[in-house]
Amino acid sequence: MPGLIPSRFIDDLLSRVDILDVVEPRVKLRKTGKNYSGLCPFHQEKSPSFTVQPEKQFYYCFGCGAGGNALGFLMNFENLDFVDAVEMLAKSIGLDVPREDSGHGKQADNRYAALLKLLEDISNFYQLQLRQHPQRQRAVDYLKKRGLSGEIARDFGIGYAPAGWDNVLKAFGSDKEKQKLLMEAGMLIENPDNQRNPLYDRFRDRIMYPIRDSRGRVIGFGGRVLGDDKPKYLNSPETPVFRKGEELYGLYEARKKVRNPDRFLVVEGYMDVIALAQNGIHYSVATLGTATSASHLRVLYKLVPEVVFCFDGDNAGREAAWRAVQQILPLMEDGRSARFLFLPEGQDPDTQVRSIGAAAFEASLGKATRLADFFFDTLCARTDLTSLEGKAQLSKMAQPFLEKLPKGIYRQLMFDQLGQLTGVRVGSPNQNSSQPAPPAPPAYAPPRQSFGRPPARNSRPRVEWSPCMRMVNLLIRKPDIIAEVAIPDELGEIRDPDMDLLLKVIELAKAWPSSNTGELMSRIYATSYGSQLTELFGKEHITPTEGMLEEFKDILQRLLEQYHTLKARRSMLESLRQRHTEDDPGASGQPPDA
């Protein structure tokens with residue numbers, strides 16, 4: 001029997017998949033503001049009531065009440081169970097689904113959480129050394145020389161790893177088990193040839209930059225040497241919590257500062273990101289010693305319509321830009337944009353923004369080279385367009401790249417541009433062999449529900465939620481409220497048809513208090529209560545985010561008051577029955593004592 005799918009893998013899967021990529025090949029959608037709408041695939045209708053919200057990574061139908069995340073959509077549309085939906089979603093982005101023995105699944109999750117806790121503690125340790133260590137002045141002087149303020153250093157959690165072989169080892173590796181965890185987190189290096197001291201710190205005498213994931217959890221570090229050691233910059237190795245090819249430095253900090261940015265700027269180093277933020281440009285990110293990958297771009301394009309790449313203007317910079325082009329093309333849906341900013345020789349974003357100022361730097365982003373111009377300029381430079389042979393060569397070089405573009409207007413315009421350069425209309429712009437035609441909508445089938453009657457077709461469901469379902473709805477939309485509410489044990493004694501679901505959601509929210517909505521939903525989908533999720537989106541939720549905690553507390557208090565009132569009433573009735581039985585023994589239906 002296959003083992004359990006680790007919950008951390010499901011979290012990662014949902015963070016990397018765009019729900020639009022899942023829904024659009026199966027449902028014809030039209031952009032309506034920030035969202036997308038279309039005819040619902042789960043019931044027959046003439047006017048669109050089905051919406052996809054990329055910002056929240058949800059879909060919902062106002063007609064039949066179907067709703068959920070990418071996994072929920074696959075389960076309903078393809079008629080899959082949870083495990084099969086995870087397999088299909090993972091396969092769509094080239095991932096293998098890991099399995100764990102049922103006895104070790106919880107252990108693995110605990111180990112994962114322990115690694116994150118350890119890395120957070122080490123980050124705090126490094127920050128403390130920057131403030132208190134006797135040798136901290138060299139690090140402080142370096143940061144001041146780079147123009148960093150104390151506020152920016154705090155926002156990015158910058159710290160200092162003092163010189164010495166065992167500072168972290170001594171602080172966090174007091175026994176063999178803790179040393180093993182440090183090794184797993186990439187913070188120690190093993191030297192088996194040294195029998196006396198086989199373990200030593202990976203980072204020594206370096207400025208330390210914590211690398212955070214999109215939820216703000218420290219998953220690794222980058223270190224800039226203060227002395228003459230090599231390499232100049234050193235990153236944490238790959239670990240169970242850190243994969244270099246999928247993370248972007250500064251993304252968490254950027255989203256914390258700018259809620260809805262118009263673009264992201266991709267740069268090459270930690271200091272570029274920090275220096276730009278120091279100058280008020282809070283939307284830059286950096287790859288972690290790797291080229292920009294499709295995974296990086298999917299994350300960014302889920303958040304913004306435009307990505308600008310900043311490279312050196314030399315040959316190496318242009319080669320890096322060309323590699324980025326090859327990753328971008330398959331993702332260039334209509335409405336997305338990519339540009340390339342090439343800096344003067346010897347300049348980087350840090351020095352450039354300090355030289356010309358933030359306003360001029362931002363203005364240069366708007367004038368950066370567009371993807372189409374860079375693409376055709378690069379290929380045209382490799383051939384002679386004054387000859388027929390050169391035009392034929394350009395067409396041969398360009399077509400394989402353009403075939404990767406998604407079906408749409410942009411793809412057609414790129415083919416038209418190639419036709420203008422060669423004088424011949426090339427290919428069939430609206431054909432894309434890599435994208436299968438969307439399947440016809442299935443016959444009507446109501447969304448999976450384990451309670452209530454299916455809503456009438458083409459009508460908005462009129463569902464009177466029980467207090468428990470309202471609490472479930474609030475918890476799913478804002479899972480962190482569970483950390484601020486004390487849940488009494490007697491809640492489970494209240495009789496309500498949806499109490500089991502509420503208790504399960506509370507249990508999951510407590511077990512993973514930092515989950516977001518999508519992650520919590522995915523965990524509920526994996527339980528026997530998963531089919532009940534669709535009704536949660538069958539009614540508009542008008543409580544503002546800041547009012548959800550108070551509403552949750554209010555419902556809980558009223559539930560408990562009703563329970564206590566009913567319990568007192570039952571107690572009183574039982575007492576009256578007993579008294580009546582004592583006064584009239586025959587009333588009990590039993591013969592009196594002889």
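Please work out which residue is surrounded by the fewest Cβ atoms within 10 Å (Cβ to Cβ), limiting yourself to segment 32-79 and to residues that are charged (D, E, K, R) and in contact (Cβ under 8 Å) with a residue 12 or more places away in the chain. Explain how you work it out, then say what you get.
Of all residues in segment 32-79, those charged (D, E, K, R) come to 34, 45-46, 55-56, 78.
Keeping just the survivors that are in contact (Cβ under 8 Å) with a residue 12 or more places away in the chain gives 34, 45-46, 55-56.
Values: Lys34: 10, Glu45: 18, Lys46: 7, Glu55: 10, Lys56: 16.
Looking at residues that are charged (D, E, K, R) and in contact (Cβ under 8 Å) with a residue 12 or more places away in the chain, I get Lys46.
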**Q.** Any hit, segment 337-356, residues being modelled with pLDDT of 90 or more, under 27 Å from Leu20 (Cα atoms) and part of a loop (DSSP other than H, G, I, E, B)
**A.** no
Q: May I ask you to list the residues in segment 249-266 that are outside any helix (DSSP H, G or I) and under 12 Å from Gly216 (Cα atoms)?
A: Tyr249, Gly250
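Conditions tested, residue by residue: (1) at pLDDT below 80; (2) closer than 30 Å to Asp81 by Cβ.
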{"site": "Met469", "(1), (2)": "no, yes"}
{"site": "Glu490", "(1), (2)": "no, no"}
{"site": "Glu493", "(1), (2)": "no, no"}
{"site": "Lys504", "(1), (2)": "no, yes"}
{"site": "Ala509", "(1), (2)": "no, yes"}
{"site": "Asn516", "(1), (2)": "yes, yes"}
{"site": "Gly538", "(1), (2)": "yes, yes"}
{"site": "Pro544", "(1), (2)": "yes, no"}
{"site": "Glu561", "(1), (2)": "no, no"}
(Q) I'm checking my understanding of the structure. Among residues of segment 100-120 that are over 20 Å from Met187 (Cα atoms) and surrounded by fewer than 15 Cβ atoms within 10 Å (Cβ to Cβ), which one is modelled with the highest pLDDT? (A) Gln107
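Select from segment 200-216 the residues that are more than 21 Å from Tyr283 (Cβ to Cβ) and either in contact (Cβ under 8 Å) with a residue 40 or more places away in the chain or touching a helix residue (DSSP H, G or I) at 6+ places or on another chain (Cβ under 6 Å) (or both) and list them in ascending order. Break it down stepwise before answering.
Residues of segment 200-216 more than 21 Å from Tyr283 (Cβ to Cβ): 200-208.
Across segment 200-216, the qualifying residues are Asp201, Phe203, Arg204, Asp205, Arg206, Ile207, Met208.
Here is a yes/no grid of residues against (1) surrounded by fewer than 18 Cβ atoms within 10 Å (Cβ to Cβ); (2) more than 13 Å from Val267 (Cβ to Cβ):
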site: Ser293; (1), (2): yes, yes
site: Tyr301; (1), (2): no, yes
site: Val307; (1), (2): no, no
site: Leu329; (1), (2): no, yes
site: Ile356; (1), (2): yes, yes
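Among residues belonging to segment 357-379 that are acidic (Asp, Glu) and without any contact (Cβ under 8 Å) to a residue 12 or more places away in the chain, point out the one that is farthest from Val22 (Cα to Cα).
The first filter runs over segment 357-379 and keeps only residues acidic (Asp, Glu), leaving 362, 373, 377.
In the following step, the residues that additionally are without any contact (Cβ under 8 Å) to a residue 12 or more places away in the chain were identified as 373, 377.
Numbers: Asp373: 30, Asp377: 34 Å.
Looking at residues that are acidic (Asp, Glu) and without any contact (Cβ under 8 Å) to a residue 12 or more places away in the chain, I get Asp377.
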**Q.** Identity of the residue in segment 295-333, touching a residue at least 60 places away in the same chain (Cβ under 8 Å) and not aliphatic (A, V, I, L, M), that ends up farthest from Leu379 (Cα to Cα)
**A.** Lys302
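Matching residues to (1) surrounded by fewer than 23 Cβ atoms within 10 Å (Cβ to Cβ); (2) in contact with a His (Cβ under 9 Å, 6 or more places away or on another chain):
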{"site": "Arg196", "(1), (2)": "yes, no"}
{"site": "Phe203", "(1), (2)": "no, no"}
{"site": "Arg206", "(1), (2)": "no, no"}
{"site": "Asp213", "(1), (2)": "yes, no"}
{"site": "Gly227", "(1), (2)": "yes, no"}
{"site": "Leu234", "(1), (2)": "yes, no"}
{"site": "Glu246", "(1), (2)": "yes, yes"}
{"site": "Glu253", "(1), (2)": "yes, yes"}
Q: Can you tell me which residue within segment 258-294, out of those that are touching a residue at least 60 places away in the same chain (Cβ under 8 Å) and within 19 Å of the chain's Cα centre (by Cα), is nearest to Ile93 (Cα to Cα)?
A: Leu288
Q) Picking from Phe77, Phe82, Phe156, which residue would you name as being touching a helix residue (DSSP H, G or I) at 6+ places or on another chain (Cβ under 6 Å) and either within 30 Å of Ala66 (Cα to Cα) or of a type in the set (Lys, Arg) (or both)? A) Phe82
Q. Quick one: would you say Val86 is of a type in the set (Val, Ile, Thr) and either touching a Lys or Arg at 6+ places or on another chain (Cβ under 9 Å) or touching a residue at least 60 places away in the same chain (Cβ under 8 Å) (or both)?
A. yes
Q | Every residue from segment 481-490 that is surrounded by 15 or more Cβ atoms within 10 Å (Cβ to Cβ) and out of contact with any Phe, Trp or Tyr (no Cβ under 8 Å at 6 or more places or on another chain) | A | Ile482, Ile487
(Q) Criterion first (exposed (fewer than 12 other Cβ atoms within 10 Å of the Cβ), modelled with pLDDT under 80, of a type outside the set (A, V, I, L, M) and in a loop (DSSP other than H, G, I, E, B)) does Ser459 satisfy it? (A) no
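The values are calculated or read from the model by the stated rules, or taken from the named source; none is laboratory data. Quantities reported herein were computed from a predicted structural model and do not represent experimental measurements. Methodologically, a virtual Cβ is constructed for each residue, glycine included, from the backbone with ideal geometry; neighbour enumeration extends over all protein chains shown.
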